[in-house]
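For reference, the structure discussed in these notes is given below.
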Amino acid sequence: MKQLSIQVFCILTVIVSSCNNTTPSKDAIKASDTLKAKDTIAPVVVDMETMGFYLEKNESFGEIKTGLEKKALLKLMGKPDDTTNVEMWAADGAYHQTWDYTKQGIKLDMIGKPDSIPFISMITVTQPCTLKTKKSIGIGSNMQEVITAYKEAIDTATIQTEVILAGTVYGGIQFGIEHKKVKSIFIGASAE
């Protein structure tokens, strides 16, 4: 009787799962097969691109982060010291404008479409910025602090003396390095 109950439960689970219109990914199927084969929990492996997009979306300098809308930014920082003309980029079909807070060492790429509210898509900080990332990295932090703080997102084979990349150029954080110290920090995508 107990075996019959388990079989009925399994059949009902399959039926309910098949009602869900999603198809498991090849990776999910492989992970499931691996789990069945080893009967243990497989470690989770996150690729650098996924990690980069996560960092791009969730990292910040205090309240300044990608996705922050124009109104909230103006309330937080006030008007920028300088702005560029609004320009449409062929790469993404969106309208971009750079807002430069020179006195704070913060440069922001504002992005939007004609019928939408502009928001921060990329952030660059340099001297004299004193803000730090959520992992306490800022201008002047040393190279080893960056590597330690972002070790899960850095492909150590790509570490250079001038740049440390957490994630990828398609999304993540780039730390500009000079004399083994952080000279600039960029959050966003530097390639399409």
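The values are calculated or read from the model by the stated rules, or taken from the named source; none is laboratory data. In this text, all values refer to a predicted model and were calculated from it rather than measured experimentally. Here Cβ is always computed from backbone atoms with ideal geometry, including for glycine, and neighbour counts include all displayed protein chains.
Per-structure values
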| quantity | calculated |
| --- | --- |
| Condition met for Gly52 (assigned by TED's automatic domain parsing to the domain that holds Ile137, buried (at least 17 other Cβ atoms within 10 Å of the Cβ) and of a type in the set (Gly, Ala, Ser)) | yes |
| Subset of the stretch 162-192 that is aliphatic (A, V, I, L, M) and assigned to a loop (DSSP other than H, G, I, E, B) - its residue that is surrounded by the most Cβ atoms within 10 Å (Cβ to Cβ) | Ala189 |
| Some residue of the stretch 44-61 being at pLDDT 90 or above and either farther than 28 Å from Ala166 by Cα or part of a loop (DSSP other than H, G, I, E, B) (or both) | yes |
| Within the stretch 132-149, tally of residues that are touching a residue at least 40 places away in the same chain (Cβ under 8 Å) and at positive phi | 1 |
| Pair list, Cβ < 7 Å and 6+ apart or interchain, from the stretch 58-79 residues that are in the same structural domain as Asp115 (by TED's automatic domain parsing) to residues that are polar (S, T, N, Q) | Glu59/Thr133; Phe61/Thr133; Thr66/Ser121 |
| Count - residues of the stretch 98-128 that are more than 18 Å from the chain's Cα centre (by Cα) and either in a strand (DSSP E or B) or touching a residue at least 60 places away in the same chain (Cβ under 8 Å) (or both) | 6 |
| Test: residue in the stretch 129-144 that is outside any loop (DSSP other than H, G, I, E, B), in contact with a strand residue (DSSP E or B) (Cβ under 6 Å, 6 or more places away or on another chain) and assigned by TED's automatic domain parsing to the domain that holds Gly62 | yes |
